[in-house]
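This report refers to the structure that appears directly beneath it.
Here, each number is a calculation from the coordinates, and none is a lab measurement. It should be emphasised that the depicted structure is a prediction, and the values quoted were computed from it without experimental measurement. Cβ sites come from the backbone with ideal geometry, for glycine too, and all protein chains shown count toward neighbours.
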Amino acid sequence: MTKRQKRKLLIYIVILIIAAIGFISDRIEKSTVVEDIPENTPVSYSYVHFLDVGQGDCTLIETHDGKFGLIDASTQNASYKILNYLENEGVEELEFVLFTHPHEDHIGCGDEVLENFNVKTVYMNDKTENTAAYHRLINAVSQSKQEKGTKVLRPLYGNTFFLGDIRFDVLSDGSDFEGLNDSSICLRMELGKSTFIFTGDAEKIVEYSILEKGINVSAEVFKLGHHGSSTSNSDAFLDAVSPDIAITSCGIDNDYGHPHDEIVDAINRRGIIHRRTDLDGDILLAFSENTISILKN
């Protein structure tokens, strides 16, 4: 065995050990996944809305006291859906909009969101792409900054920010990677024992990088990376996250075949509840510090 082969084997063993430790130590601290919210409960719930926006990504986060944040803004074709959904949910102001990376299916409606709502903070990395969608977004960000006082921040690995009492930890800022998918800002969201992982389109190399750092990625809910692609969602990462619920955002009969069969099989083998926007439409999760519930459409 060559030195390079030995090094690869050692890295793989370390990743497996980290995943196993994370699974054993963190399962105790997870919240309870329930079928529905009990009636007449005194608990105030927050919500995560995974919007059915076709082959793209858009996630609305709503606190129990009516604050909102948005992760990604799908394609320009989804603008009617996104704007109307936000208005129907009573959104007038967004505490933040975070763009994981500058691909069109994540930023395409971003300019219209910024034009139609007061956005306090935009989080985005410094990666660029020479597309109409990117140029529209940059112009809208600049205009919102000048006219509405929107802050524009670049999240870095290890940074923490909040939406009300919901905490977000930056697991990867993408700066160590050249590809746009791998530049995705990766997050762990936490409220008490309720935890969620968002990785944009980050692929396996980013997942391994996160695991090698020994970061806690255990979570009840994992929004599958890259729309359920087999280029992401490695066995090691799935085992480390050890989710109870997996969410796939993808379009009906999309050209990429997302989610890929091997990832669906991996989810099923682990007994993970799987919800998909192409089959289930908009997906709504309610969560408190101790429970998470998938609400019926």
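Data table
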quantity	calculated
Pairs with Cβ under 7 Å, 6+ apart, first in the range 206-222 and assigned to a loop (DSSP other than H, G, I, E, B), second surrounded by 22 or more Cβ atoms within 10 Å (Cβ to Cβ) and among the aromatic types (Phe, Trp, Tyr)	ALA219/PHE196
Residue tally, condition in a helix (DSSP H, G or I) and of a type in the set (D, E, K, R), over the range 243-297	6
Conditions (1) farther than 18 Å from HIS274 by Cα; (2) surrounded by fewer than 16 Cβ atoms within 10 Å (Cβ to Cβ): number failed by ASP261	(1)
Selected residue (only one of LYS120, LYS148, LYS193 is touching a helix residue (DSSP H, G or I) at 6+ places or on another chain (Cβ under 6 Å), within 28 Å of THR63 (Cα to Cα) and of a type in the set (Lys, Arg))	LYS193
Subset of the range 225-236 that is on the phi < 0 side of the Ramachandran plot and buried (at least 24 other Cβ atoms within 10 Å of the Cβ) - its residue that is farthest from the chain's Cα centre (by Cα)	SER232
Selected residue (only one of GLU129, GLU104 is closer than 17 Å to THR199 by Cα, surrounded by fewer than 22 Cβ atoms within 10 Å (Cβ to Cβ) and not hydrophobic (A, V, I, L, M, F, W, C))	GLU104
Residue match in the range 196-219 (condition: among the aliphatic types (A, V, I, L, M), in contact with a His (Cβ under 7 Å, 6 or more places away or on another chain) and surrounded by fewer than 24 Cβ atoms within 10 Å (Cβ to Cβ))	no
Residue that is surrounded by fewer than 19 Cβ atoms within 10 Å (Cβ to Cβ) and under 18 Å from the mean Cα position of the chain (by Cα), where the choices are PHE168, PHE161	PHE161
Tally of residues being touching a residue at least 60 places away in the same chain (Cβ under 8 Å) and hydroxyl-bearing (Ser, Thr, Tyr) across the range 70-97	1
ARG269 being closer than 20 Å to ILE197 by Cβ and either of a type in the set (A, V, I, L, M, F, W, C) or exposed (fewer than 15 other Cβ atoms within 10 Å of the Cβ) (or both)	yes
The range 61-80: number of residues that are within 20 Å of the chain's Cα centre (by Cα) and within 18 Å of LEU137 (Cβ to Cβ)	10
Unmet criterion (only one of (1) surrounded by fewer than 20 Cβ atoms within 10 Å (Cβ to Cβ); (2) touching an Asp or Glu at 6+ places or on another chain (Cβ under 9 Å); (3) within 22 Å of GLY54 (Cβ to Cβ)) for THR121	(3)
Failed item, numbered, when VAL264 is tested on (1) more than 23 Å from TYR85 (Cβ to Cβ); (2) in contact (Cβ under 8 Å) with a residue 40 or more places away in the chain; (3) touching a strand residue (DSSP E or B) at 6+ places or on another chain (Cβ under 9 Å); (4) not hydroxyl-bearing (Ser, Thr, Tyr)	(2)
